[in-house]
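The values are calculated or read from the model by the stated rules, or taken from the named source; none is laboratory data. Since the structure is predicted, the reported quantities are computational estimates derived from the model, not experimental observations. Reconstructed Cβ throughout: ideal geometry from the backbone, glycine too, with neighbour counts over all protein chains shown. Heads up: the accessible areas ignore ligands, DNA and RNA and are worked out on the full protein's heavy atoms, side chains in. Shrake-Rupley method; radii C 1.70, N 1.55, O 1.52, S 1.80 Å.
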Amino acid sequence: MEVVKALPFIVFFSYSKSRQHVSGQDHLEENLGVSVSIMVAQFLQDAAYDQVQTIAKELLNLAEKCKRLKRESPSECAHQLVAAFLTHICNNQGLLNSHVFTDCCKMKTAARLRCFLSYKKDDADSHDTPLIPRPELTCEVAEENNVSLKERFSYEISRRHPFLYGPTILTMSACYETAVQSCCQEENKTECLRTKLEPIRKYIRGISARHHHLCEIGTKFNEKVASAVELILLTKKQPQANFPEIAKLTMDVKNLHETCCEGNTLACALGRRQLMSYTCSNQAILSSKFAECCEQPEPFRGECIINSENDDKPDLSPLLLTRFTEDWSVCQQFSSNQDSFLQEFLYEYSRRHLELAVPVILRVFETYKRVLEKCCKLENSLECHQPGKEVFQKVILESRDHVKTYCDLQKQLGSSSFQDRLTVLYTKKAPQLSAQELVVFVKKMAAVARGCCPLRDELQLACVEDQTKLILGELCRRHGGKPVNAGVGHCCDDSYAFRKPCFDDLRVDGTYISPPLSCDQAISLEEDLCQAQDEELQMEKQKLLSTLVKQKPHAAEDVFRSIGENFVQLVEKCCQAQRRDVCFQEEGLQLITRCQSLLEASSSQSRLM
């Protein structure tokens, strides 16, 4: 349960005040149809709104336990729905061109579900568009159309974000509906809508990326990794809760995430409701920060708790942590009940280091496990594992040094040159990616630096690690669909905890052989460049850098940067000339000649070295 700060915490309170407090069961019954349509839209992303609604109604009729939702049957209804849905699609192959699922329909039970899930496409970069392209028409539609604003909005969100948890979609749809109702009473409706809908869009985009990331951890790595991530998140949120409570919640949350990741929206909503009910009933032993959230009605309560701040750090004795390194019985405990012992270490370490990001704590955890696996085979095991505290500190310092170097470089070079440097570095690591893919990846990495590096030192590390894990997760998703190279594959698959250090340490991919390309093919100079904004021009420069690096990966970086700077200067000069076409032709030839000679010279130097 990580916080996404794009949407102000108070927004849940302001939106929910306008709604009458309803029980969880009433809310479930009220939104049963919406929940089912969310599931349909997330699996059938190309289906039109009316088609999704039709299939959702058919499903509710097919699933006997859902025909009349009784207080004792919601879980049975939820259990039936996904199976009924997949069978319905397989029995109607002509429906919505669903023949794409033919292979899936030959499979049974769990394999069939995994196959259907593999067809979900979460292309975040193509979804960074306004949810409502023309907000000035929203109020007219709201007045004239009988279609529920909330249902239509949930449909749009579901098909764009197929891994976003159903309860979050229901919450944000309610926020959207309330925002529209409020703005349509204002004189400047359009400006009001833009102001209120933009944070909702940003929140959805941010939380969707995190949900997808959590789902991938659960499927890509073993369940112990997924459990460790959940335990850290819960401990950081509730550091005063005792270990048995955190261990119990870890299992509950992991099971809930699995249900949500399988696309069972109704079961996900039920699980979320039960978990939040338990949380609010046990606030006294879990966290002092949940009180206001627990006063909220459905569906706001759950999202509010997830976005609440971490509880205050307890006053903890350092002796409790030294028992994992300096006690003579460490190896005995490790060998007799390894999982429980390691879980308790992770809990004790996490609650003492609320400032560290999840991947960093996982690195300490994995390092500790390796230390015990090595030391507990020795006769002098205590002497071997006793310096554990220094080993943990080394892990943190190495992580901090990487981030400090990254931020110092950004400060030293400035935004544009920093992106150029990253373009060169990552093209060498993953030259199989297209120039466009590399530029988009680098743009995201540079945005992390802009947002995190100005923070004070103790916040810098957590910020960079937290944001980078999502971006590297996207790169690994791309590798999963179309393999990049062995180095990227190793970093993606070997260890979730050490994924970032692995990518940091990657060097030139020596296996890549670029198709021959001359400078006149690489450098495209058109008058259209004069219409480009500064950011677009920089992206064109970085595409050029990437293309040239692929040709000569061992050439000096200054060579590429020089050509890139010449390219920008040429565009700026020619766009101010009276005869742009003549300028581009003449100056372009000079740049191409300069580029060719620089690359040939650098190639000769590389051979001599």
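Points to keep in mind about this one:
- Added length on full extension, which subtracts the Cα-Cα distance from 0.36 nm per residue, Glu526 to Lys108: 145.0 nm
- Gyration tensor over alpha-carbon atoms, region 379-443, equivalent ellipsoid semi-axes in Å: 38, 16, 7
- Summed side-chain charge close to Leu286 - residues other than Leu286 whose Cβ falls under 12 Å, Lys, Arg +1, Asp, Glu -1: +1
- Shape category assigned to region 169-210 from the gyration tensor of Cα positions, a/c cut at 1.5: oblate
- Bridging of Lys220 to aspartates and glutamates at a Cα separation below 18 Å is possible for Asp122, Glu230, Glu258, Glu262, Glu366, Glu474, Asp493, Asp494, once same-chain residues fewer than 8 apart are set aside.
- Extending 7 Å from Cα along the Cβ direction at Glu535 and again at Gln185 yields two label points whose distance is 3.5 nm.
- Distance between region 447-474 and region 478-512 - C-alpha centres, whole angstrom: 20 Å
- Taken about its Cα centre, the chain carries a charge dipole of roughly 1040 debye when the Cβ of each Lys and Arg holds +1 and the Cβ of each Asp and Glu holds -1.
- Per-q log10 I(q)/I(0), region 519-606, q = 0.13, 0.18 Å⁻¹ (Debye; single scatterer per alpha-carbon; no solvent): -0.40, -0.74
- The lysines within cross-link reach of Lys428, meaning a Cα-to-Cα straight distance under 17 Å and a gap of 8 or more places when in the same chain, are Lys443, Lys500, Lys541, Lys543, Lys550, Lys552.
- Just so you know, the averaged projected area of the alpha carbon convex hull for region 467-554 sits at 7.6 nm².
- Under the combined filter of DSSP loop state and at most 16 neighbouring Cβ atoms within 10 Å, region 270-353 retains these GluC sites (Glu not before Pro): Glu295, Glu309, Glu326.
- Backbone N atoms of region 379-393 closer than 18 Å to the 7 Å Cα→Cβ label point of Thr322 belong to residues 382-393.
- Net length gained if the chain between Asp50 and Leu455 were fully extended (0.36 nm per residue, minus Cα distance): 141.0 nm
- Extension gain, Arg579 to His490: 0.36 nm times the residue separation minus the Cα-Cα distance gives 26.8 nm.
- A DSSP coil position with no more than 12 other Cβ atoms inside 10 Å describes none of the GluC sites (Glu not before Pro) in region 403-480.
- Solvent-accessible heavy-atom area per residue, rounded to whole Å², over region 313-512 at 1.4 Å: 47 Å²
- Figure legend: label point modelled 7 angstrom from the Cα of Gln590 along Cα→Cβ; residues of region 543-574 with amide N under 16 Å from it are 563-574.
- Scaled radius of gyration (Cα, divided by 2.2 N^0.38 Å) that region 182-238 gives: 1.79
- Summarising the overall dimensions of region 313-512 from its C-alpha atoms, the Rg and Dmax are 19.3, 56 angstrom.
- Carbon and sulfur %, accessible surface of region 290-336 computed with the full protein complex present, 1.4 Å: 48 percent
- Only Lys, Arg (+1) and Asp, Glu (-1) charged, at Cβ; region 519-606 dipole about Cα centre in debye: 300 debye
- Cα gyration tensor category, rounded, prolate or oblate, for region 408-561 with a/c compared to 1.5: oblate
- Dipole moment magnitude, nearest 20 debye, region 313-512 about Cα centre, only Lys, Arg, Asp, Glu C-beta charged: 760 debye
- Listed residues Leu570, Gln590, Gln533: farthest to the positive end of the dipole of region 519-606 (Cβ charges): Gln590
- Tail beyond 33 Å, pair distance distribution of the chain (Cα, percent): 54 percent
- Binned Cα-Cα distance frequencies in region 223-343 - 5 Å width, integer %: 2, 10, 17, 20, 19, 13, 8, 6, 4, 1, 0
- The label-point distance for Glu76 and Lys389, in a model that sets each label 7 Å from Cα toward Cβ, rounds to 5.8 nm.
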